[in-house]
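For reference, the structure discussed in these notes is given below.
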Amino acid sequence: MSGPEQTEAPLLARLAELAITVEMHRHPPLYTVAESRELRGTLPGGHIKNLFLRDKKRNQWLVTVLEDAEVDLKALRHVLGASGNLSFGSAELLAESLGIAPGSVTPFAVLNDQAGRVTMVLARNVLDHDPVNAHPLHNEATAAIGRDDLVRFLEACGHPPLLVDLP
C-alpha cells in the first residue's frame with residue numbers, strides 16, 4: 001500500500017474505532033475550490049475550504065468554512081482573539097503541526113496534532129449541511145462524513161470545534 005491509501009489509512013482506522021462511516025469518492029488531485037466544483041458534479045452535501053492560519057505569537061488555527069465563503073482575515077482576527085494580524089501558515093508549519101501538505105488541508109488533519117497546537121474553528125453554517133465533504137488527508141479523494149460524526153470525530157481527537165459566525 002502506498003500513496004493516497006497509505007496516507008488516509010490512519011484516518012480510516014480512527015474513524016472505524018469511532019464507528020464512523022464515510023463515503024469515499026476518488027478523483028485526480030484537486031488543489032482549488034474551482035477544480036473541485038468542476039469535478040464533483042452532483043456530489044451532495046456541504047463543500048468546504050480550509051485555511052491554516054497563524055498569528056505573530058505563533059498561535060495556530062485550522063478554519064473550516066463553506067467553499068464560497070469570503071473570509072475577512074482582519075475581522076476573523078477579532079473573532080479568534082489573535083495577536084496581531086493573521087497570516088497563512090507556511091508549508092513547513094503545516095507539515096509540522098498537522099502532518100499534511102498544502103492542497104490537502106482538511107478538518108481531519110487534527111488527527112495528526114497530538115500536541116494540541118492547532119485550534120479547530122468551524123463556521124457554524126457548515127453544520128447546516130449533511131454530509132460535509134472533506135479531503136481524507138490528501139487531495140486525491142473526497143470523504144463525505146455526516147455533520148454530527150464530523151463534530152464527534154473532532155472532539156474525539158481532542159479538538160472540539162470553536163463554532164463561529166463569520167463576519
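General remarks:
- When region 92-107 is filtered for residues that are in contact with a strand residue (DSSP E or B) (Cβ under 7 Å, 6 or more places away or on another chain) and under 12 Å from ASN139 (Cβ atoms), the ones remaining, listed by number, are VAL105, THR106.
- Selection status of ARG26, more than 13 Å from VAL121 (Cβ to Cβ), in contact with a Pro (Cβ under 9 Å, 6 or more places away or on another chain), in contact (Cβ under 8 Å) with a residue 24 or more places away in the chain and of a type in the set (D, E, K, R): yes
- Leading residue by the ranking (nearest to LEU15 (Cα to Cα)) among those in region 133-167 that are in a strand (DSSP E or B) and touching a Gly at 6+ places or on another chain (Cβ under 8 Å): ALA144
Listed here are the residues, each with its yes/no results for (1) at positive phi; (2) modelled with pLDDT under 95.
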| residue | (1), (2) |
| --- | --- |
| ALA16 | no, no |
| ALA19 | yes, no |
| MET24 | no, yes |
| ARG37 | no, yes |
| LEU51 | no, no |
| GLU67 | no, yes |
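- Within region 86-137, the set of residues being over 12 Å from the mean Cα position of the chain (by Cα), surrounded by fewer than 20 Cβ atoms within 10 Å (Cβ to Cβ) and hydroxyl-bearing (Ser, Thr, Tyr) comprises SER87, SER90.
- Applying the set (1) assigned to a loop (DSSP other than H, G, I, E, B); (2) farther than 21 Å from ASP55 by Cα to PHE108 leaves exactly one unmet item: (1).
- Test: residue in region 64-75 that is surrounded by fewer than 20 Cβ atoms within 10 Å (Cβ to Cβ) and within 13 Å of the chain's Cα centre (by Cα): yes
- Among residues of region 68-93 that are over 19 Å from VAL164 (Cα atoms), those with a beta-carbon under 8 Å from a residue that is at pLDDT below 95 and of a type outside the set (D, E, K, R) at least six positions away or on a different chain give the pairs ALA91/ALA101; ALA91/PRO102.
- Boolean, THR64 is more than 17 Å from GLU8 (Cβ to Cβ), in contact with a strand residue (DSSP E or B) (Cβ under 6 Å, 6 or more places away or on another chain) and outside any helix (DSSP H, G or I): yes
The values are calculated or read from the model by the stated rules, or taken from the named source; none is laboratory data. Model, not experiment: these values are computed from the prediction. Every residue, glycine among them, receives a Cβ derived from its backbone with ideal geometry; neighbour counts consider all protein chains shown.
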